[in-house]
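The structure appears below as structure tokens.
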Amino acid sequence: MARPFTSVAAAYLIWSTLCSPSAKAFHVSPIRPFLSSPTKTTCSTTQLMALDEQMEARLDGIRRSYQALTERLADPDVINDSNLLRKVMSDRSQSEEVVETYDEYCRLKEELEGATELFQEAGDDADMREMARSEMKEIEPQMDELEGKIKILLLPKDPNDDRNVMLEVRAGTGGSEANIFAGDLIDVYRKYISSNGWQATMIDSSPGDDGGYKSVTLDVKGDMVYSKLKWEAGVHRVQRVPATESQGRVHTSTATVAIMPECDEVDVQIDGKDIEMSTMRSGGAGGQNVNKVETAVDLLHKPTGIRIKCTQERSQLKNKELAMKMLMAKLYDIENEKRDMEERARRGSQVGTGGRSEKIRTYNWKDSRCSDHRLGQNFPLSQFLNADIGPMIDAMIAKDQEEKLRSLSEESGSS
């Protein structure tokens, strides 16, 4: 068990005095998000940011729960119930990284206390004092970094982060060029999805007359899909000379991306009276069945006016199930967007609204530039077209974490 915080404070006071005898005040360096690269620290400008007793008590509680869940994995009743086993494993995995990080923090804390005792007992032995001081100087930035990571891990998580999603791209203003741009976006997202080891299935599409898509929807499944793709939601704008432009003039077109977390009847309840459904022949490729039998489904949700047509499957029942799945995702997304906007307004977020009407990026072909308006940062256009959008998404995650930390700090200061 880690020793009281007073020992750590004493360790820093001794070390700080050695490094800067004339110093009368200490400077506390800000918490760094764990996604950012660690920076070098010096004893004259940083202070060990030890976790307070309340935070350690909370972490001790998380560790006890984690250990209890680990023991349950050996329980025959859990092993023989596949659903219960999955739930226990899922609950355990959610706190695993926190516990591992805290264990490492406690290990370093004990090492720091040992180095402090060694320094205090060294007396006039200069070599021993220098060895102890060197060890303390090495441990401090590691603890600083781990504390920052722990604070990030304990931030409130989006309950939808581990869900699969429906990714919808719709052409906006710009006619045929907007359709082509929507197709370009889908190509980028398919490459990014593949690079993450996720699976994507096209469940709805409406091709453009000159290429691309008027609208297209992908069903994306994988690990923590929503946590990353949610940052792509919004209006994407392109400035380039269309292939159909004979005068060489630059056109501005848009496409809207919606990222809808997967949900079920538990998340969204739909009254059958609010649904108006009709069937039709699908037409197109797929054999005689789709052309002669009414397999396609046209669904209307009367309260919202949302209309969904499904022709993807070869049976009416499957198209009906798919249409209901898409409707639930859209209704759930509307509720999520409303809740997120209220939360962002509450904490004065500068990250953006997260809504589909927000302009998030502009792609300028002439300058080979991709501008993210939420970050106020430019990226090479080739980086986006090659689906290397991970750094852009990581930057958004880091910015969101910084705002949450600042909001928590302000709430703590006012309480």
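General observations
- Cβ-Cβ under 7 Å pairs, at least 6 apart or on other chains, region 167-190 side over 19 Å from ALA387 (Cα atoms) and without any contact (Cβ under 8 Å) to a residue 24 or more places away in the chain, far side of a type in the set (Val, Ile, Thr) and open to solvent by less than 40 Å² (accessible area, probe 1.4 Å): none
- Restricting region 362-386 to residues that are touching a Leu at 6+ places or on another chain (Cβ under 9 Å) and not in a loop (DSSP other than H, G, I, E, B) leaves a set whose member that is nearest to ILE186 (Cα to Cα) is TYR363.
- Qualifying residue in region 382-398 (condition: touching a Pro at 6+ places or on another chain (Cβ under 8 Å) and closer than 30 Å to HIS251 by Cβ): yes
- The residues listed here are VAL188, VAL169; of these, the one that is in a helix (DSSP H, G or I), modelled with pLDDT of 95 or more and open to solvent by less than 50 Å² (accessible area, probe 1.4 Å) is VAL188.
- Which listed residue is modelled with pLDDT under 70, surrounded by 14 or more Cβ atoms within 10 Å (Cβ to Cβ), of a type in the set (Gly, Ala, Ser) and not in a helix (DSSP H, G or I), from GLY354, GLY348: GLY354
- Residue in region 222-240 that is open to solvent by 30 Å² or more (accessible area, probe 1.4 Å) and assigned to a helix (DSSP H, G or I) present: yes
- Of all residues in region 358-406, those satisfying the criterion of being free of Cβ contacts under 8 Å to residues at least 60 places away in the same chain, hydrophobic (A, V, I, L, M, F, W, C) and farther than 22 Å from ALA182 by Cβ are LEU375, ALA395.
- Residues of region 241-252 that turn out to be out of contact with any Pro (no Cβ under 8 Å at 6 or more places or on another chain) and part of a strand (DSSP E or B), as a count: 1
- Residue that is nearest to GLU140 (Cα to Cα) [pool: residues in region 86-130 that are aliphatic (A, V, I, L, M) and more than 40 Å from the chain's Cα centre (by Cα)]: LEU118
- Yes/no for LYS338 being closer than 21 Å to ALA255 by Cα and either touching a Leu at 6+ places or on another chain (Cβ under 9 Å) or modelled with pLDDT of 80 or more (or both): no
- Selection status of LEU155, touching a residue at least 40 places away in the same chain (Cβ under 8 Å) and over 26 Å from VAL241 (Cβ atoms): yes
- Residue within region 74-84 that is within 29 Å of LEU59 (Cβ to Cβ), open to solvent by 50 Å² or more (accessible area, probe 1.4 Å) and not in a helix (DSSP H, G or I) present: yes
- For region 261-276, filtered to residues that are surrounded by 14 or more Cβ atoms within 10 Å (Cβ to Cβ) and part of a strand (DSSP E or B), the residue that is modelled with the lowest pLDDT is ILE275.
- GLN120 being open to solvent by 70 Å² or more (accessible area, probe 1.4 Å) and under 30 Å from LYS404 (Cα atoms): no
- For region 288-316, a tally of residues being touching a Ser or Thr at 6+ places or on another chain (Cβ under 9 Å), outside any strand (DSSP E or B) and either of a type in the set (A, V, I, L, M) or modelled with pLDDT of 85 or more (or both) returns 2.
The values are calculated or read from the model by the stated rules, or taken from the named source; none is laboratory data. Computed from a predicted structure; not experimentally measured. A quick note on method: Cβ atoms are made from the backbone with ideal geometry, for glycine too, and the neighbour counts reach across all protein chains shown. Just so you know, the surface numbers come from the protein's heavy atoms only, side chains and all, with ligands and any DNA or RNA stripped out. Shrake-Rupley method; radii C 1.70, N 1.55, O 1.52, S 1.80 Å.
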